[in-house]
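Okay, so here's the structure we're looking at.
The values are calculated or read from the model by the stated rules, or taken from the named source; none is laboratory data. The structure presented is a predicted model; accordingly, all values stated were derived computationally and were not measured. As a convention, Cβ positions derive from the backbone with ideal geometry for all residues, glycine included, and neighbour counts pool all protein chains shown. Accessible surface is based on the protein model in full, side chains and every heavy atom, while ligands, DNA and RNA are left aside. Shrake-Rupley method; radii C 1.70, N 1.55, O 1.52, S 1.80 Å.
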Amino acid sequence: SDLMLELEIDLEEAYLGTSREIQVPRHETCGECGGSGLEKGYGKDLCPDCGGDGRITHTRRSSFGTFSSVTTCRRCKGTGEINTHPCSSCEGKGVKTLLDTLKVEVPAGVSDGDRVRIKGKGEAGTGGAPPGDLYVEVRIREHDTFVRRGDDLLAEVNVSMAEAALGTEIDIPTLDGVEKLRIPPGSQPGTVFRLRGRGMPRVNSRSTGDLYLSLNVNIPRKLTAEQRKLLEEFHRIESQGKGGGGFIHRLRKAMRPQS
Ligand SMILES: [Zn+2]
Ligand SMILES: [Zn+2]
């Protein structure tokens, strides 16, 4: 029959493709006891709880008469026999679990939930049937920086208030290293930069998704005395530049005594 295993990888590994060794359990008949689960030279014993019957009869008497019910013997599970000399090699189970090491090739661009099939490496067939296939289901761990949407990657980048206004060049993360991105002067918070072809590769294809970077503009939570002075100066100039600026300014101007 077919066998399914899970393999957890990082987004970087999904980006580049990876080759991983996994351990696959395989059940094999115990060679020591030939599957009987008995130590050499011993046989099974009659179950003392049910006397070999496999069933236990419970009888209850009451003023209405005698009632009896039959249950399966718990000790021998209804077989009537118990194994008092279990095979030391398989602990009486008759089968041994071995671990096979297999190599799994995970293709670049693999998605969470994709399955890699390895033919003939499933569980052994019974009664001479061919073995099933092994399916390795790929799980991709969440990434600290990137969110994946199909073949596209999404991330946030941060600049200061002044950098957004003046423009700058920043280092941006990609899945295979750091790159430069030019932030043009006057960039607004929430602006999304699209880098074509810098997303995830597509399995069995030469095309790739895109990388979307959303711009965060950090407003300072605390100002030094100098920063405050400069910002107030900036604000004053900005207000003048607007010719009085907003509603409050116009209101104040209107209420000022005319000279
Ligand atoms: Zn029994
Ligand atoms: Zn055994």
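Numbers at a glance
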| quantity | calculated |
| --- | --- |
| Residues of the range 3-16 classified as farther than 21 Å from VAL178 by Cβ and open to solvent by 60 Å² or more (accessible area, probe 1.4 Å), total | 3 |
| PRO173 being part of a loop (DSSP other than H, G, I, E, B) and either closer than 30 Å to VAL106 by Cβ or not assigned by TED's automatic domain parsing to the domain that holds VAL24 (or both) | no |
| The range 91-115, subset more than 30 Å from GLU32 (Cα to Cα) and assigned to a loop (DSSP other than H, G, I, E, B), residue most open to solvent (accessible area, probe 1.4 Å) | ASP112 |
| Criterion violated by SER36 - all others in (1) away from ligand 1 (no atom under 16 Å from the Cβ); (2) modelled with pLDDT under 90; (3) in a strand (DSSP E or B) satisfied | (3) |
| Pairs, first at pLDDT 90 or above and in a loop (DSSP other than H, G, I, E, B) in the range 195-211, second basic (Lys, Arg) and surrounded by fewer than 16 Cβ atoms within 10 Å (Cβ to Cβ), C-beta under 7 Å, six or more apart | ASP210/ARG194; ASP210/ARG196 |
| Top-ranked residue of the range 17-39 - restricted to ones that are of a type in the set (Gly, Ala, Ser) and more than 16 Å from ligand 2 (Cβ to nearest atom), ranked as surrounded by the most Cβ atoms within 10 Å (Cβ to Cβ) | GLY17 |
| Single condition ARG75 does not satisfy, out of (1) more than 19 Å from LEU38 (Cβ to Cβ); (2) open to solvent by 90 Å² or more (accessible area, probe 1.4 Å) | (1) |
| One residue from ILE172, ILE140, ILE118 being closer than 30 Å to GLN227 by Cα and surrounded by 14 or more Cβ atoms within 10 Å (Cβ to Cβ) | ILE172 |
| Out of THR145, THR72, THR66, THR101, sole residue that is in contact (Cβ under 8 Å) with a residue 24 or more places away in the chain and either basic (Lys, Arg) or more than 30 Å from PRO173 (Cβ to Cβ) (or both) | THR101 |
| Checklist (1) of a type outside the set (Phe, Trp, Tyr); (2) surrounded by 11 or more Cβ atoms within 10 Å (Cβ to Cβ); (3) more than 21 Å from GLU12 (Cβ to Cβ) applied to ASP151, failing item | (3) |
| Unique match (being surrounded by 11 or more Cβ atoms within 10 Å (Cβ to Cβ), away from ligand 1 (no atom under 16 Å from the Cβ), hydroxyl-bearing (Ser, Thr, Tyr) and at negative phi) among SER62, SER88, SER68 | SER88 |
| Residue, most open to solvent (accessible area, probe 1.4 Å), within the range 40-59, restricted to residues that are under 21 Å from GLY92 (Cα atoms) and part of a strand (DSSP E or B) | LEU46 |
| Verdict on GLU81 being open to solvent by 60 Å² or more (accessible area, probe 1.4 Å), acidic (Asp, Glu), farther than 30 Å from THR208 by Cα and within 16 Å of ligand 2 (Cβ to nearest atom) | no |
| Selection within the range 186-215 - loosely packed, with under 11 Cβ neighbours inside 10 Å and over 30 Å from the mean Cα position of the chain (by Cα) | GLY186, GLN188 |
| Positions within the range 1-16 being over 16 Å from the mean Cα position of the chain (by Cα) and in a loop (DSSP other than H, G, I, E, B), in sequence order | SER1, ASP2 |
| The range 116-142: number of residues that are over 21 Å from the mean Cα position of the chain (by Cα), touching a residue at least 12 places away in the same chain (Cβ under 8 Å) and not in a loop (DSSP other than H, G, I, E, B) | 1 |
